[in-house]
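Below is one structure, written out as structure tokens, with a few remarks after it.
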Amino acid sequence: MALVEVKEVHKVYKRDSFEVPVLNGISLSVGEGDFLALMGPSGSGKTTLLNLIAGIDRPTRGTIAVDGREISNFSETALAGWRARHIGFIFQMYNLIPVLNAFENVELPLLLTKLSKKERREHVETALRIVGLADRMKHYPRQLSGGQEQRVAIARAIVTDPSILVADEPTGDLDAKNAAETLDLLQHLNTDFKKTIVMVTHDPKAAGFARRTLHLEKGQIIEDTANGARAQA
Amino acid sequence: MKYFKLIRRNLFRNRLRSMMTLALIAVIFFFVATLLSILELFNRFEDQGQGTNRLVVQSSISLANPLPYAYEQKIREVPGVADVCKLQWIGAYYKEKKNFFANFAVDQDRMESVFADYRIDPKQMADFKADRQGCIVGTDLVKRYGWKIGDRITLKRQIFPYDPELTIRGIYEHPVNTAALYYHMSYHNEAIPPMMKDHVNTFWLSVKDPSKNAAISQQIDAMFKNSEFPTETVTEKQFQASFMAMMGNIKLLFGSISTCAVFMVILLAAITMSMSARERVTEIAVLKAIGFEKGLVMTLMLTEFSLLTFAGGALGVLGAKLIYMVVPMGKVTQGFLVGFQIFPMTALLALGSSILVGLIAGGLPAINATKMSVVDGLRRVV
């Protein structure tokens, strides 16, 4: 069953008086439990497509449905609430809040829920345990390595148990070892926790960890391939 | 409350900048609280005494123009007038010109009746009345000069050609006017040259029914309209206000300085808050991406900014309160600011303004930061 349905989506950005078309009638389905890698050269529209699926941007034309609900018509407030429940974000630069420690960063999305302080603590500890950072809860981002920061960001993404994880170049700022560990963690979340993941990457090796790879060029899908044998860290 | 930790941490994310901003706001609000308290002191001066049931008869030409003693009996006969008391501004000083305070010659036999709000021990009042050169002084003067009952003091002349030689016979208490000296009108009248005798610059009268104030004032002024000494009868509040006005529009000046200071702090705080908001564009985008609504993010930012300005304001107001508890402003200002303190209402007004400063100064940066789309915010390299 398709968790994400993208139909005939166009996205045009306005830059001063110019219109810049980024996506040109893209359609795709992402099944529940899928791990999809979006690849393509800069400007191909892969990050824009990711943003549309994550509900932080709106298509100029076309529809996007997630779990059977058409999200492109949601109000801004409704969309924020929807993202809080259904989407987990992983960014290239980790984007942790520097004034909060690892525990507090992971707790952030839970502040929007009605969970008690005790319940929030349990969820955060579980998420940090899954990413292997249970012993770094009190550390601030500046006290963590890049790989550890990204793992905290992954813990923040999974703490609310969202339907979809969206990752924009999650290994783009990491060395090879940390990149491999991060990808392994994502694969683990996909395989063992059945998380649906959509990941943008430039790196074919990273894409090898996904089940399926979409190649975009000039705002269109030019190739959709299933990865038979998935890469291992 | 669950967001308080985030607010608190953001408040001091750049410790040096926050502390400098806090100190700057504190200093400005120290002055704002001071200026507002001076204004409040002036207002209290205008409102001092019984106010509504006392009228003052003065020359309609100028306060410096005296009125003849003979008016007293005529005023007393006006229906509704309870009693009349002569009061003359002397304008002398004690030892040196810097020791200036309000000093008056008063009709010693009528003072108790007309100025019933001046509390004094009956024995001291009797001693004052019995001694032609006796005087009574306010509690603040006693503190300032270390006087006690029985002390002999000499005031130095400025307006009238004699130096009043007086003995302190009593110490009065009053809610506002705590730094004045009163001595016998009869002593004053004997000491001045013949051409000045039997004249006084004000008659203070108590009325039976304050609602008749306007009618009584009209009747008195009509009575002397075509005389050599026309009068203007006003309420005590109006009299004090006109007295204050002689110092120039000092209230407007102080009010304007306070407004400028608040405006300045808004601008300075706005710069700091703009920097703070600009630094956090990506973080704000992340918060919005993970589900924080725009309104919530803006509320968090405005709470943070208001807390900063409120903390600065509280520090300034509290500092002023403590300093003026220790520093005798009456003495420092040579009697100009007797009874000066940071009044509770002034403190509340200053604290309220400090919160408002945070909301106004932080409003635009917060709106700009939160209205930026998530995508643009994430793309922004700060």
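The values are calculated or read from the model by the stated rules, or taken from the named source; none is laboratory data. Since we're looking at a predicted model, the values are computed, not measured. Note: ideal-geometry Cβ built from the backbone for every residue, glycine included; neighbour counts use all protein chains shown. Accessible surface areas use protein heavy atoms only, side chains included; no ligands, DNA or RNA. Shrake-Rupley method; radii C 1.70, N 1.55, O 1.52, S 1.80 Å.
Tabulated data
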| item | result |
| --- | --- |
| Count - residues of segment B:71-89 that are under 19 Å from B:Ala191 (Cα atoms) and either polar (S, T, N, Q) or at pLDDT 95 or above (or both) | 3 |
| Tally of residues being buried (at least 21 other Cβ atoms within 10 Å of the Cβ) and within 13 Å of chain A (Cβ to nearest Cβ) across segment B:292-322 | 2 |
| Members of segment B:269-291 found to be within 13 Å of chain A (Cβ to nearest Cβ), surrounded by fewer than 23 Cβ atoms within 10 Å (Cβ to Cβ) and free of Cβ contacts under 8 Å to residues at least 60 places away in the same chain, listed by number | B:Glu283 |
| Flag for B:Glu232 being modelled with pLDDT of 90 or more, under 31 Å from the mean Cα position of the chain (by Cα), among the charged types (D, E, K, R) and crowded, with 17+ Cβ neighbours inside 10 Å | yes |
| Matching residues in segment A:59-74 - criterion: being open to solvent by less than 10 Å² (accessible area, probe 1.4 Å) and within 17 Å of A:Lys11 (Cα to Cα) | A:Ile64, A:Ile71 |
| Subset of segment A:92-114 [within 7 Å of chain B (Cβ to nearest Cβ), under 18 Å from the mean Cα position of the chain (by Cα) and either assigned to a loop (DSSP other than H, G, I, E, B) or not hydrophobic (A, V, I, L, M, F, W, C) (or both)] | A:Asn95, A:Ile97, A:Pro109 |
| Residue under evaluation A:Thr77, criteria (1) more than 9 Å from chain B (Cβ to nearest Cβ); (2) open to solvent by 20 Å² or more (accessible area, probe 1.4 Å); (3) of a type in the set (Val, Ile, Thr), criterion not met | (1) |
| When residues of segment A:31-58 are limited to those that are more than 18 Å from A:Tyr13 (Cα to Cα) and under 13 Å from the mean Cα position of the chain (by Cα), the one nearest to the other protein chains (Cβ to nearest Cβ) | A:Leu38 |
| Residue ranges of helices (runs of 4 or more DSSP H) in segment A:143-233 with at least 1 members free of Cβ contacts under 8 Å to residues at least 12 places away in the same chain | A:176-192 |
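One line per residue, one yes/no per condition, for (1) open to solvent by less than 10 Å² (accessible area, probe 1.4 Å); (2) charged (D, E, K, R):
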position: A:Leu36; (1), (2): yes, no
position: A:Asp57; (1), (2): no, yes
position: A:Phe91; (1), (2): no, no
position: A:Arg120; (1), (2): no, yes
position: A:Arg129; (1), (2): no, yes
